[in-house]
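Undergrad: Got a structure here, written out as structure tokens. Questions coming.
The values are calculated or read from the model by the stated rules, or taken from the named source; none is laboratory data. It should be emphasised that the depicted structure is a prediction, and the values quoted were computed from it without experimental measurement. Positions of Cβ are generated from backbone atoms using ideal geometry, with glycine treated the same way; all protein chains shown enter the neighbour counts. Side chains are part of the model used for accessible areas, which takes the heavy atoms of the whole protein and leaves out ligands, DNA and RNA. Shrake-Rupley method; radii C 1.70, N 1.55, O 1.52, S 1.80 Å.
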Amino acid sequence: MTSRTEHYLSRREQLAGSDVGPGQRRARSLLADALLRGLLEDHLRRLGVGPRTDGLALLAVGGYGREALSPGSDLDVVVLHAGTLDLDALTRAVLYPLWDASVALDHSVRTVGEARAVAAEDIRAALGLLSVRHVAGDERLTTLLRSQTLADWRAGARRRLPEVRELASARRDQHGELAYLLEPDLKESAGGLRDVVSLRAVAASWVADVPHGPVDAAEAVLLDVRDALHAGRRRPSDRLLMQEQDRVAAALGLADADALMHRVAEAARGVAFAAERTWRAVDRALPSSAPRRVLAPVRALRRPRGPLPACPLAEGVAEQGGEVVLTAAADPARDPSLVLRAAACAAENGWLVAPASLERLAEESQAPTERWTPSERDWFVRLLGAGPGLVQVWEGLDQAGLVAARLPEWQPLRSRPQRNALHRFTVDRHLVETAVQASALTTRVGRPDVLLVAALLHDVGKALPGDHSEAGAPVVTGIARRMGFSEPDVAVLTLLVRHHLLLPAMATGRDQADPATAAAVVAAVGDTATLVLLQALTEADARAAGPSAWTPWRAGLVRSLVSAVRASLAGPLETLVVPVVEPLTAAAHGPLAAGGAGVRVHVGPAVEGTLPVAVTAPDQPGALATVAGVLTVARLTVRSARTSSQGALAVMEFAVGSDSGNPPDVGVLREELVRALDGTLDVAAKVARRAAAYAQRPSAPVAAPSVRVVPGASASTTVLEVRAHDRPGLVHLVAAALTSAGVDVRSAIVSTLGAEAVDAFYVLEPDGSPLTARRSEQVVAEVLAALAALGGSVTG
């Protein structure tokens with residue numbers, strides 16, 4: 001070992017034990033520079049060629065090239081030459097001393113042409129050369145390689161950037177998301193240091209801008225943590241194991257491991273959010289049909305100008321390049337539900353809210369009121385029920401501060417670690433993932449809105465001392481009241497949060513053969529509807545936690561317990577979950593019903609963004625399907641409906657939302673209804689076209705629809721309950737299927753809870769009698785077949 005390497009190792013050891021930070025990383029890099037430069041000068045002196053020679057240079061690449069060496073980092077070195085030197089002698093003189101001293105070294109020996117050729121084939125080599133830095137020798141050679149490498153990178157951006165993205169996706173699949181893992185890899189996990197390198201590669205291509213300030217700050221945090229993790233370890237690793245976290249926290253002056261992991265998660269979320277925005281900008285800049293050329297940097301989206309394609313869900317927002325943007329008419333300051341409409345639209349279609357629109361919403365949205373409007377609650381539930389698309393959209397809202405502004409109780413949960421072997425995510429991400437899992441179970445329960453809100457909030461007590469179930473229950477009570485839920489619904493939500501661990505605890509920790517086990521659950525839940533909600537919440541919670549939390553064995557025990565509890569509960573096992581209301585009477589409609597047998601339409605003033613529409617028409621087969629279809633064609637979304645037959649009249653009341661935000665023209669609407677009812681307007685074809693256009697959008701998977709007969713729900717009719725994810729024309733589709741099956745719809749109760757429809761149809765045979773059991777099966781099958789046309793599986 002030479003005196004130079006001895007000095008290097010001694011000094012490196014001193015730096016490893018000192019404070020972390022960019023100064024120490026730069027000092028380590030410069031120390032390595034001095035060693036390499038000295039070894040090269042010694043070799044050149046022995047050759048008698050002086051301190052410098054043309055055609056030879058030593059280069060630092062990767063983290064070493066960025067002067068960001070951690071205590072355990074390799075020295076990534078390129079020996080660049082012009083092909084005129086004795087490379088064996090050079091290697092013996094410069095590299096052997098490093099190997100003899102066990103210095104971690106990753107090196108290559110190449111000409112400029114060879115380095116470019118390797119970079120053209122090896123994306124990792126290309127990324128390393130983007131951070132090349134001159135250390136010693138012929139600086140002109142370094143400058144030549146740097147300029148040609150950058151030119152190659154920009155010219156090949158269309159081919160190379162997808163390779164970079166593919167690497168990032170593979171790392172995410174293999175190593176998970178750094179921000180939400182209990183033991184993340186600081187370098188390889190999504191949102192880690194490798195992703196920062198990927199963002200630098202995008203910036204170097206000139207294809208898209210990168211938000212350098214936030215990314216640089218996040219990188220500094222991750223590098224500090226890695227420095228502390230490496231310090232004092234003979235075999236440094238970039239994985240932040242739980243047993244190392246307290247030591248690393250102390251080295252960084254943090255209170256404990258939880259404080260450390262919170263800081264790591266916040267930094268990683270910043271990197272991941274910037275990466276998502278950047279890659280979407282790349283997608284816009286490099287469409288597959290674009291000409292092959294180097295593109296100038298893409299600027300952030302501004303407020304859109306001119307007409308834009310309408311979002312299929314909401315007024316005030318539109319889609320542009322795979323992102324939801326605010327329209328020119330949108331007014332965040334006066335429209336409290338706008339942010340939720342934009343988010344729900346994005347999540348349901350697999351889009352994101354555009355960065356500029358998020359910024360505008362954060363800056364201009366009004367302060368949340370003490371009590372939400374029904375429209376706000378409806379769109380919030382719709383967002384929660386969007387499925388996997390919720391995750392990234394929620395992250396965007398959270399990064400912009402829009403979640404905590406509406407739900408202040410969310411702030412203490414952000415990036416909060418969980419020290420539980422069953423959990424794979426931080427508290428906040430687990431709650432979002434639970435909502436995603438619950439969205440696949442919404443047709444199993446009568447109140448999908450209650451299930452989804454409980455899924456998002458069931459662990460809200462983890463930010464408070466004591467048992468989180470008990471601590472979270474009163475918090476959820478306050479939130480539910482603020483959201484405008486009725487007091488009975490508030491009570492159910494509170495119960496679900498307080499007892500969300502009850503079923504797995506009783507199923508796995510008590511003797512199910514003992515009647516006291518089922519009795520304890522009965523005493524806690526009280527009724528079948530709440531039990532079904534609790535079972536769905538239990539499954540969603542466990543699936544979100546991780547594969548070890550919802551094994552077939554555990555799932556079977558819970559199902560067995562629920563069956564025993566249902567048998568113990570008083571009353572029928574199958575009940576109607578939509579509200580039972582008195583049949584509508586003609587007297588309640590005044591002039592509408594009094595007008596005789598003609599078609600009459602009344603549109604009332606909007607209430608919280610919902611328009612009341614009343615229609616009377618001749619009571620004929622298929623009247624409900626026809627009227628619902630005309631409303632759909634008029635781009636009105638049926639959110640609820642109540643219908644009844646009153647003598648020769650069909651009396652129908654609807655609560656609808658308007659895609660345009662404006663009420664329909666009553667005269668035009670009546671004319672369309674008249675034409676549809678007399679058969680001169682093909683409503684079914686028009687509805688099918690609109691439904692097909694909606695289905696062509698990249699919507700997220702949704703829960704399978706279900707249709708069932710509810711025994712005992714009515715003494716004089718057969719009641720069919722339909723649960724399905726809401727789509728344009730859903731009421732028309734079901735009502736038309738019933739008409740096609742040859743039954744009369746005496747009345748209907750249609751309810752849309754968020755994005756989920758829970759509808760009851762009271763049907764009779766043409767002679768006025770209820771359906772037989774066999775006939776009911778046939779009708780259910782026809783409705784299921786119609787729903788199957790929407791895609792996905794169906795259940796009876």
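Undergrad: Let me know the shape class of segment 124-200, please: from the alpha-carbon gyration tensor, a ≥ b ≥ c as square roots of the eigenvalues, rounded when a/c is under 1.5, otherwise prolate if a/b is greater than b/c, or oblate.
TA: Here segment 124-200 falls in the oblate category.
Undergrad: Please compute the contact order of the chain in relative form: average sequence separation of alpha-carbon pairs under 8 Å and at least six residues apart, divided by the residue count, as a percent. Please list the in-between numbers first.
TA: On the way: 1419 pairs, mean separation 65.7, N = 796.
About 8 percent, as a whole number.
Undergrad: Counting each DSSP H run of 4 or more residues in the chain as -39500 (n - 2.57), what helix-only mean residue ellipticity at 222 nm follows after dividing by all residues, to the nearest 500 deg cm²/dmol?
TA: Dividing the helical sum by the residues of the chain leaves -15500 deg cm²/dmol.
Undergrad: Over all directions, what mean area does the Cα convex hull of the chain project, stated in square nanometres?
TA: Orientation-averaged projected area of the Cα hull: 38.9 nm².
Undergrad: Percentage of Cα-Cα pair distances in segment 383-508 greater than 23 Å, rounded to whole percent?
TA: 28 percent
Undergrad: Report, in whole Å, the centroid distance computed from the Cα atoms of segment 362-383 and segment 725-778.
TA: 33 Å
Undergrad: Continuing with the same structure: Write down the accessible area per residue of segment 394-524 in Å², having rolled a 1.4 Å probe over the full set of protein chains.
TA: Details: 4450 Å² over 131 residues.
Here the residues of segment 394-524 average 34 Å² of exposed surface.
Undergrad: Something else now. Going highest first, how would you order 360-372, 159-171 by mean Cβ packing within 10 Å?
TA: 159-171, 360-372
Undergrad: Bin width 10 Å, origin at 0, all Cα-Cα pairs of segment 325-436: what percent of pairs per bin?
TA: 14, 46, 31, 7, 1
Undergrad: Please sort 740-752, 444-456 by packing, taking for each peptide the average over its residues of neighbouring beta carbons within 10 angstrom, highest first.
TA: Details: 740-752: 21.0, 444-456: 26.2.
So the peptides 740-752, 444-456, ranked by packing, come out 444-456, 740-752.
Undergrad: Would you please put 510-523, 389-402 in order of how densely packed they are, using the mean number of other Cβ atoms within 10 angstrom per residue and starting with the highest?
TA: Working: 510-523: 13.9, 389-402: 21.5.
Going by the mean number of other Cβ atoms within 10 Å, highest first, we get 389-402, 510-523.
Undergrad: Looking at segment 378-433, which trypsin sites (Lys or Arg not before Pro) are DSSP coil and have at most 11 other C-beta atoms within 10 Å of their C-beta? Each step should come with its number before you reach the end.
TA: Values: sites: R382, R406, R414, R419, R424, R429; in loops: R414, R419, R424.
Those that pass, being in a loop and sparsely packed, are R419.
Undergrad: Would you kindly calculate the mean projected area, averaged across all directions, of the convex hull enclosing the Cα atoms of segment 492-548, in square nanometres?
TA: Mean projected area for segment 492-548: 4.1 nm², to one decimal.
Undergrad: Kindly give Rg over Rh for segment 98-163, based on alpha-carbon atoms, with the Kirkwood expression for the hydrodynamic radius. Don't skip to the end; give the middle numbers.
TA: Details: Rg = 13.4 Å, Rh = 13.0 Å.
A ratio of 1.02.
Undergrad: While we're on this one: If you plug each phi of segment 147-155 into the Karplus form 6.51 cos²θ - 1.76 cosθ + 1.60 with θ = phi - 60°, what whole-Hz ³J(HN,Hα) values come out, in order, with x for Gly and Pro?
TA: For segment 147-155, the Karplus curve yields 5, 6, 5, 5, 4, 4, 5, 5, 5 Hz.
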